[in-house]
Each structure stands twice: as C-alpha cells, then as structure tokens.
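Worksheet for the structure shown next.
The values are calculated or read from the model by the stated rules, or taken from the named source; none is laboratory data. No experiment lies behind these values; they were computed from the predicted model shown. Virtual Cβ from ideal backbone geometry, glycine too; neighbours counted across all protein chains shown. Areas reflect the complete protein model, heavy atoms only, side chains present, ligands, DNA and RNA absent. Shrake-Rupley method; radii C 1.70, N 1.55, O 1.52, S 1.80 Å.
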Amino acid sequence: GLAKDAPEYELAAAIEQAAWRAADLTRQLLGFSRQTLLWLRPVNLNDSVAEVVALLKRTIDPRIALEVACAPDLGWAQADPGQMNQVLMNLCINACDAMLEGGRLRIETSNQIVDEEHTQGVVEARAGAFIRLRATDTGCGVAPENLPRIFDPFFTTKQPGKGTGLGLAMVFGIVKQHEGWVECLSELGRGACFDVYLPALTGPAAAAPAVAPSAALTAGRGEVVLLADDNEMLRSLGATILRHHGYRVLLAEDGQEAVEAYERESGRIDLIVLDLTMPRLSGREALQQLRNINP
C-alpha cells in the first residue's frame, strides 16, 4: 500500500524480495527431499514450455538464442504443472549460467518409447511409453569427474555466492517424485543435454484431462470470513490480505474464540479458516464443535 516515493518503499521491497528468496530456497529443499505435496493431473508439457519460454524471453541474456521444438502430438503425463514449470526453469537457468558469453538454448518435447537396451546404462530408467523434456545448451559443459555429482544437494561448480547447489538437486527430487528420471550428457567445452522422462498416460485419463482451477484469489463482494489463528502476525496479515480483496473479516485468537464467534455471528459468516494447532481448542476440535452447532 506504500506510494513508490515513500521513504519506506525501498526497504519494504527489499524485505519482500528477501522473503521470496527464503521461500524459494525452502521450496527447493522440500523438492529435493520429496516432501512437497504434489497436485497431480493430466498435463501437456508443451504448456509448461510455453509458460517458461515466455518468462525466459524477458529475462535471459540477449546473446543467448532460444530455440523451441515441441511435438504437436505430445501425449499427456500425470504431473503437477507448477512443479514441472520449476523443473524446466531450473534446467534453463543452469544452462544460461553455463553460457556467460552467449550461446544457444534449445528446449524440446517428444513422445518416447524406451526399450530395454536404453535402460541398460541408466539406473532409474525402465521400459515403456514416456514423455521426454529435453534442454540442450552450448555452454562450458561438465567435467567428467563432476558429472556423477551434479544432482547432489549443495554441490556446485559456480563461484561463491553465485549458486546454492540446489537447482539440479531439486530437478532430480521432483522428477523422481513423479516416478520419472533425469539423464545428462555433457563434455567440457561442448555444452550439456538434460533429458527428463515422465511416464506417459494411456487410456481414458489421457483422453480427458482435468481442468485446473484458477490459482488467483477470487475477489470478494463483502462476504464474511472468520479467521482463527493464535499467531498474531499471521492473523493480522491474513485479515489485511482478505480485506484488500473485498472480504469482511472476523478474527479469533484460538479455537474456543472461533466457536464463540460462530455462535454469535453464525447468520452472517460465509467461510471459516482454522489454524490446525491452537491453544484451548485445536482447529480439529473447533471444527467438531462447529459441526455440532451446524452440521
């Protein structure tokens, strides 16, 4: 809500940027440890390519030529679209970091039948129908002694402060969580090629993909939200965001207050948001009492 010429604006912007960096680092750690909850649905990876390419065109070094070759008949994969965007973005950022003097980044998608011969040299690979996402660059390449370690968390060949060593580790973790695998071919001075394999969907699920709901917060029209959280900062922030989007907000500091507020105001409350862990009554206990009042 600050005006851009306000003296606090730059400080607030720096705080926000630091918070996003911390959130992104946490997301990468969770991705590698495979603890990130996935929302799986039929996905066409060409959509992920289109989204990432649109962002890359605005941000990468103009000396890097971006080429895209997507299969028009690409099959469907069971995947989390947000996580697949992250996989491709990490591969592309890694490729761009390897081309400090410019070069060529090529992104491809294709349908692949993996046979037994292909699986012989790849531990994670298995035979069957797969969707392949490929990112190829003309950068500095990977030294042979480093190739076995590129997916290790915190391993990086970049200068201090230039990388966390989590980008490729996150790619590995997300793809494995999707029951796929990643292959890398590279030589020093001759670039690198990363192939991501995801199981292809077959049967009715592939023919009728689900439609994803909008991720945007719907604008309110004065509906009343009861928000219960014992953390004052989260409670205040939640109220601010909801009011900014057109909702009216009632606040409760714990589950007991939430139940009491509902008993007083039940006729005008449209939605209740409960923290899971709260004093006096937990979110689960409060929910049970609310259901007893109004099933």
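Worth a mention:
- Pairs, first in contact (Cβ under 8 Å) with a residue 24 or more places away in the chain and assigned to a strand (DSSP E or B) in the stretch 95-122, second open to solvent by 80 Å² or more (accessible area, probe 1.4 Å) and not aromatic (Phe, Trp, Tyr), C-beta under 8 Å, six or more apart: Gly103/Arg63; Asn111/Asp73; Val114/Arg126
- Residue ID - modelled with the lowest pLDDT, chosen from residues in the stretch 125-167 that are among the charged types (D, E, K, R) and touching a Phe, Trp or Tyr at 6+ places or on another chain (Cβ under 6 Å): Arg149
- Residues that are hydrophobic (A, V, I, L, M, F, W, C), more than 14 Å from Gly222 (Cα to Cα), open to solvent by less than 50 Å² (accessible area, probe 1.4 Å) and under 34 Å from the mean Cα position of the chain (by Cα), drawn from the stretch 239-273: Ala252, Ala258
- Unique residue being open to solvent by 70 Å² or more (accessible area, probe 1.4 Å) and either at pLDDT 90 or above or not in a loop (DSSP other than H, G, I, E, B) (or both) when the list is Met233, Met170: Met233
- Residue list for the stretch 238-286, filter: part of a helix (DSSP H, G or I) and in contact with a Pro (Cβ under 9 Å, 6 or more places away or on another chain): Gly255, Gln256
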